[in-house]
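Contents: one structure, followed by commentary.
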Amino acid sequence: MTRRQRTLLLAFVALIVVAVLAFWLLRKPAEPAPPAGATPAGAKGAPPARPALTVSVARPEQSELNVTLAANGNVAAWQEAIVGSESNGLRLAEVRVNVGDVVKKGQVLAVFSPETVNADVAQARASLAEAKATAADAAGNAARARTLAQTGALSQQQINQYQTTEQTAKARVEAAEAVLAAQQVRGRNTRVLAPDDGVISARTATVGSVVAAGTELFKLIRQGRLEWRAEVTSAELGRIAVGTPATVQSASGAQVQGTVRSIAPTVDPQTRNALVYVDIPNVLQNTGIKAGMFANGEFQLGRSNALTVPQAAIVPRDGFNHLLLLQPDNRVSQLKVETGRRVGERVEILTKLPADAQVVVQGAGFLNDGDLVRVNSVSPGAGKP
């Protein structure tokens, strides 16, 4: 091999080495130089991780909450009186009340035309006067006959006839008085009166109509009282007693306070529910509660102690409720809990919590299990309900 060939071969080898070296340098990224005073990662004294969020925490509280029993049922009139006509074949001349009017016992609701009855009363009075005149004449004849009985001027048979005529006349007077009294009752029945205090709930009376005796003219909610007929299961029935307070709420959101008046003595064999009757007084003041409505409500059974947390601390996830508990290292742990009663901004926790538990309140919904947090404030929680 000549000198020139060896030179070319060495130059070609050197070119290949330079190309390989350049490729290796370009492929490996250069690591930035750490700043002055910084400690390499993984070395002792590394800076702590940054908190994910600044939160506030609170401690669970022991609160006294109401013990309630929820139920559903219909609202109905306590008693609904049907006011009908006692007169037969008379024309209705005047109707003085309408649906919703408040009436007092004995108040005139409607008036029938009295002309026919007045004529019958007058005729009965005339018949009574005639009977009394006849009775007076018969009594005089019988008295004279008894005077002559000792003289023998009249036979005993004639005397007995006079006495019988006297008694018959007296009986006719009594019959005429009874007829007059009946006609006078008919006259009083031309005025339809309220049987009790209450509120008119229905009216079928129409001026000018001729109605038969017993025809319904009005319906009256007696004393303006409604009742909630709550359906309670047989298993819960023993927790309710007469006098238990209850809160009734209609579909419109109107609420009214009532009291248990009575409990049905039997249970429906189909539904296994019993009716509990709750008095709702002052129907006019409770404008949001009407007869015929469907309503739900709660029976107030007393009070009991409960462990509660602020409602903002409850985090619903995956169909369950969770609390985020603050750990000593300022990380949070997620705990699935069972909730109970809710009063205001407090929620009862049925799951047992650690004695020194602190729950995240503000910002709980943005955290996950194991997140590091910065605690802004620790509060005892919202005030007791």
Residue pairs within 6 Å by beta carbon, gap of at least six or interchain, first lying in the range 355-371 and touching a residue at least 60 places away in the same chain (Cβ under 8 Å) and more than 13 Å from Ala312 (Cα to Cα), second surrounded by fewer than 19 Cβ atoms within 10 Å (Cβ to Cβ) and not hydrophobic (A, V, I, L, M, F, W, C), listed first then second, are Gln358/Arg59
How many residues are in a strand (DSSP E or B), of a type in the set (S, T, N, Q) and assigned by TED's automatic domain parsing to the domain that holds Glu86 if we restrict to the range 196-243? 1
Identify the single condition in (1) surrounded by fewer than 14 Cβ atoms within 10 Å (Cβ to Cβ); (2) within 30 Å of Val248 (Cα to Cα) that Gly89 does not satisfy, given that it satisfies every other one. (2)
Could you count how many residues in the range 24-54 are at pLDDT 70 or above and surrounded by 10 or more Cβ atoms within 10 Å (Cβ to Cβ)? 4
Taking the stated definitions as given, is Thr116 within 17 Å of Ala213 (Cα to Cα) and either assigned by TED's automatic domain parsing to the domain that holds Val185 or without any contact (Cβ under 8 Å) to a residue 60 or more places away in the chain (or both)? yes
With respect to Val173, is the statement that it is outside any helix (DSSP H, G or I) and in contact (Cβ under 8 Å) with a residue 24 or more places away in the chain true? no
By my count, strands (runs of 3 or more DSSP E) wholly in the range 271-355 with at least 3 residues that are out of contact with any Asp or Glu (no Cβ under 9 Å at 6 or more places or on another chain) and within 17 Å of Asn66 (Cβ to Cβ) are 294-310
Working carefully through the options Asn296, Asn330, Asn321, find the one that is within 19 Å of Val57 (Cβ to Cβ), at pLDDT 90 or above and polar (S, T, N, Q). Asn321
Considering only residues that are over 16 Å from Pro51 (Cβ atoms), free of Cβ contacts under 8 Å to residues at least 60 places away in the same chain and charged (D, E, K, R), which ones fall in the range 324-354? Lys336, Glu338, Arg342, Glu345, Lys352
Among the residues in the range 121-131, are any under 23 Å from Gly214 (Cα atoms), in a helix (DSSP H, G or I) and not assigned by TED's automatic domain parsing to the domain that holds Thr247? yes
For the range 185-222, the count of residues that are of a type in the set (D, E, K, R) and in contact with a Leu (Cβ under 8 Å, 6 or more places away or on another chain) equals 2
Given Ala205, Ala251, which one is in contact with a strand residue (DSSP E or B) (Cβ under 8 Å, 6 or more places away or on another chain), surrounded by 15 or more Cβ atoms within 10 Å (Cβ to Cβ) and not charged (D, E, K, R)? Ala205
Within the range 234-244, does at least one residue satisfy the condition of being without any contact (Cβ under 8 Å) to a residue 24 or more places away in the chain, surrounded by fewer than 18 Cβ atoms within 10 Å (Cβ to Cβ) and on the phi > 0 side of the Ramachandran plot? yes
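The values are calculated or read from the model by the stated rules, or taken from the named source; none is laboratory data. Note that the coordinates shown come from a computational prediction; the quantities given were computed from them, not determined experimentally. Note that each Cβ is placed from the backbone with ideal geometry, even for glycine, and that neighbours are counted across all protein chains shown.
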